[in-house]
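Below is one structure, written out as structure tokens; the observations come after it.
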Amino acid sequence: MKTRYPQILSVHLFLLGDNKILLQLRKNTGYRDGCWSVIAGHVEAKESATEAMIREAREEAGIELSREDLSLVHVMHRFENQERVDFFFKANKWRGKLTIREPDKAERLEWFGLSELPKNIVPYVKQAIELGLKKGVIYSEYGWEDVKDS
């Protein structure tokens, strides 16, 4: 009988304005430092994915979002050393001034055109942008090609 595997849940924010997406340059995290990603974080115990996204936006970028500001655009089941489920939300409006609130983990915030994403973007985030944001695909998988049955 197979054992149920606990999932790590993560949230990611596609913050959009003028046909551009906000990305942040990662540093000192131990995961893809020097690559561009989006505002993101883990869902904590007894916290919904929406609540986690609102909290992470405040903690990382100093902005306030409401539930009505967010819409779910993609879900990804990902394997990178462990299983994860990622929820990708988009928002076109927010309150407050964008600022790096975790300078130990993020070097810069920058707007990029959706058709001009940087080459050094985190690959699974790029997949979610291409499929979920641009094409309206609600679900994808990432990293399962090399997973062996155990």
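The values are calculated or read from the model by the stated rules, or taken from the named source; none is laboratory data. Source: prediction; values computed, not measured. Note: ideal-geometry Cβ built from the backbone for every residue, glycine included; neighbour counts use all protein chains shown. Areas reflect the complete protein model, heavy atoms only, side chains present, ligands, DNA and RNA absent. Shrake-Rupley method; radii C 1.70, N 1.55, O 1.52, S 1.80 Å.
Just give me the residues in the stretch 98-112 being touching a residue at least 40 places away in the same chain (Cβ under 8 Å), open to solvent by 60 Å² or more (accessible area, probe 1.4 Å) and part of a loop (DSSP other than H, G, I, E, B), in sequence order. Within the stretch 98-112, ARG101, ASP104, LYS105 meet the criteria. Checking the stretch 42-54 against the condition returns no match, with no residue being closer than 18 Å to LEU131 by Cα and modelled with pLDDT of 95 or more. The residue that is nearest to SER37 (Cα to Cα), counting only those in the stretch 101-150 that are at pLDDT 95 or above and among the aromatic types (Phe, Trp, Tyr), is TYR124. For the stretch 38-57, the set of residues classified as surrounded by 15 or more Cβ atoms within 10 Å (Cβ to Cβ) and either in contact with a Lys or Arg (Cβ under 7 Å, 6 or more places away or on another chain) or polar (S, T, N, Q) (or both) consists of THR50 only. Exactly one condition in (1) part of a loop (DSSP other than H, G, I, E, B); (2) among the hydrophobic types (A, V, I, L, M, F, W, C); (3) closer than 16 Å to VAL73 by Cα is not met by ALA45; state its number. Only one criterion is unmet by ALA45, namely (3). Taking the condition open to solvent by less than 20 Å² (accessible area, probe 1.4 Å), not β-branched (Val, Ile, Thr) and not in a loop (DSSP other than H, G, I, E, B), does LEU9 pass? It is false that LEU9 is open to solvent by less than 20 Å² (accessible area, probe 1.4 Å), not β-branched (Val, Ile, Thr) and not in a loop (DSSP other than H, G, I, E, B). The lone criterion from (1) outside any strand (DSSP E or B); (2) open to solvent by 30 Å² or more (accessible area, probe 1.4 Å); (3) of a type outside the set (Lys, Arg); (4) at pLDDT 95 or above left unmet by GLY30 is number (4). Evaluating ARG95 against the criteria (1) open to solvent by 60 Å² or more (accessible area, probe 1.4 Å); (2) closer than 14 Å to PHE14 by Cα leaves one unmet condition, (2). Each residue in the stretch 69-92 was checked for being surrounded by 14 or more Cβ atoms within 10 Å (Cβ to Cβ) and not in a strand (DSSP E or B), and 2 of them qualify.
Being assigned to a loop (DSSP other than H, G, I, E, B) and open to solvent by 50 Å² or more (accessible area, probe 1.4 Å) is the filter here, so list the residues in the stretch 118-146 that pass it.
LYS119, ASN120, GLY136, VAL137, ILE138, TRP144, GLU145, ASP146
GLU83 meets all of the listed conditions (1) at pLDDT below 95; (2) under 23 Å from GLU110 (Cβ atoms); (3) of a type in the set (Asp, Glu) but one, namely (2).
Check SER66, SER115 and return the single one that is surrounded by 12 or more Cβ atoms within 10 Å (Cβ to Cβ), among the polar types (S, T, N, Q) and more than 16 Å from the chain's Cα centre (by Cα).
Details: SER115 fails: surrounded by 12 or more Cβ atoms within 10 Å (Cβ to Cβ).
Within the list SER66, SER115, the selection yields SER66.
Residues considered: LEU109, LEU117, LEU98. Of these, the only one that is among the hydrophobic types (A, V, I, L, M, F, W, C), within 18 Å of LEU25 (Cβ to Cβ) and in contact with a helix residue (DSSP H, G or I) (Cβ under 6 Å, 6 or more places away or on another chain) is LEU98.
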